[in-house]
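This report refers to the structure that appears directly beneath it.
Values in this text are rule-based calculations from the coordinates and carry no lab data. What you see is a predicted model, and the numbers here were worked out from it, not measured in a lab. Counting neighbours? That spans all protein chains shown, and the Cβs are built from the backbone with ideal geometry, glycine included.
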Amino acid sequence: MKNILFVLLLPIFCFSQRAFTDIDALIKQKEFKKAEGKIVDVLKKNSNNLQAIELLGDVYGHQKKWDNAIDVYERLVGINPKIANYHYKYGGVLGMKALENKLKAVGFIGDIKKAFLTAAELDKNHIDARWALVELYIQLPMIIGGSKSKSLKYAEELEKLSKVDGYLAKGYVYEYDNAPELAEKYYKMAIKEGGSLTCFDKLIKHYEKENQPEKAIKTIQEAQVKHKRNALHYQIGKVAAEYNVELEKGAQCLRTYLKNYSAKDGVPKAWANYRLAQIYGNKQKKAIALKFINLAINELPNIKPFEKERERILGL
């Protein structure tokens, strides 16, 4: 009898698995509207398929349909309130809705906080929920529940789960709290512990924010030694151009970026030419600067910073 039942159910099972494979592929390709349509088809056949319901909330979120996503995740929390990720996602889309409508944001805070706290309580290893609480408590004003000490508490919990995440979280808290020396300390600790591009990027952006371009360039060079990514050449050139420092090094790195460019590097060649134009403009080399800004404009017309830079160069 069981074998007969299995045979009868097999076509439905195969259809379901095939549908989810197609949905996953569409999501990876960022075809969220098409993915939404396929998920709706699955739910028409089985309205209680929790995997499909969760995916529907996900694609609504990708499309910034916050109200729809809120309804979906709230439904999931109601169906199974013991799943930490449902609470985490519910809090996340409530937060995005609050950011979109700041006049009503205060009314969402209690539910957002409850959702993240519940997720963290249900899953003692939920890193994302703890990151959300770190950010929430440090960003909220004290009058509506903000707390540096609570933010650091969850950073400590993160550190027990992952030293790198803990160090990055502490760096974030101290950076937000206007304690740049402590932020630098913990970002460096994260680099020493993990050394990922994310770790380097946090310290680089911190130095840029603190108007310390030389330190930013040095850190990018350290990242390049470890990771050997062509995109890091662009970053050095960008910092050199924006802060008018180490111009020769910046120009050399940008030329290397252009020479080794491929689509995976992310930043279009036009932006590298724009940065070269900035550098040569800063060096008062008008003709060379014009050459590079014209290359940038020819590749990507109607980019306002490019046009503005061309006007600046013509005025030299």
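Here are some notes:
- Farthest positive-ward along segment 198-316 dipole, Cα basis, beta-carbon charges - from 284, 303, 223: 223
- A Förster radius of 30 Å, combined with the Cβ-Cβ distance separating residue 218 from residue 300, puts the computed FRET efficiency at roughly 0.50.
- Between 0 and 90°, nearest 10: helix 180-193 axis offset from the chain longest Cα axis: 70
- Placing unit charges on each Cβ (+1 for Lys and Arg, -1 for Asp and Glu) gives segment 229-316 a dipole about its Cα centre, and among 232, 247, 260 the Cα reaching farthest toward its positive end belongs to 260.
- Residue among 95, 23, 139 farthest towards the positive dipole end of the chain, charges placed on Cβ: 23
- Rounded to 10°, Cα long-axis angle of helix 32-45 versus longest principal axis of the chain: 10
- Neighbour-count ranking [beta-carbon atoms within 10 angstrom, fewest first] of 112, 83: 83, 112
- Equivalent-ellipsoid semi-axes for segment 229-316 (Cα gyration tensor, √(5λ), whole Å, largest first): 19, 15, 9.
- About the centre of its Cα atoms, segment 229-316 shows a dipole size close to 140 debye [charges on the beta carbon of Lys, Arg (+1) and Asp, Glu (-1) only; nearest 20 debye].
- Of all lysines in the structure, those lying under 16 Å Cα to Cα from residue 97, and not within fewer than 8 positions of it along the same chain, are 64, 65, 89, 113, 114.
- Relative to the longest principal axis of the Cα atoms of the chain, the long axis of helix 286-299 lies at roughly 30 degrees.
- P(r), alpha carbons of the chain - 10 Å bins starting at zero, rounded %: 6, 19, 21, 24, 19, 8, 2, 1, 0
- Pairwise centroid distance, computed over Cα atoms, of segment 163-235 with segment 52-93, Å: 33
- Here's the picture: a label point sits 7 Å out from the Cα of residue 283 along the beta-carbon direction, and within segment 258-276 the residues with their amide nitrogen under 17 Å of it are 258-259, 272-276.
- In a DSSP loop and with at most 13 other Cβ atoms within 10 Å, the trypsin sites (Lys or Arg not before Pro) in segment 193-258 are 228.
- Cα centroid separation - segment 268-297 against segment 30-49, whole Å: 48
- Shown here for segment 205-274: GluC sites (Glu not before Pro) in loop regions (DSSP other than H, G, I, E, B) with at most 16 other Cβ atoms within 10 Å, namely 210.
- Estimated vicinal HN-Hα couplings, Hz - segment 151-160 in sequence order (Karplus 6.51, -1.76, 1.60; Gly, Pro = x): 4, 5, 4, 6, 5, 5, 4, 4, 4, 5
- Reachable aspartates and glutamates, given that their alpha-carbon falls under 18 Å from the alpha-carbon of residue 308 and they are not under 8 places away in the same chain: 242, 299
- Distance (nanometres) between label positions extended 7 Å along Cα→Cβ at residue 28 and residue 163: 3.4
- Extension gain, residue 176 to residue 153: 0.36 nm times the residue separation minus the Cα-Cα distance gives 6.7 nm.
- Relative contact order (%) - criterion: Cα under 8 Å, at least six apart; region: segment 229-316: 25
- Between 264, 114, 33, the residue with the greatest mean-square fluctuation in the GNM of the chain (Cα pairs under 10 Å linked by springs) is 264.
- Spin-label pair residue 210/residue 48, simplified geometry with 7 Å Cα→Cβ offset, distance in nm: 5.7
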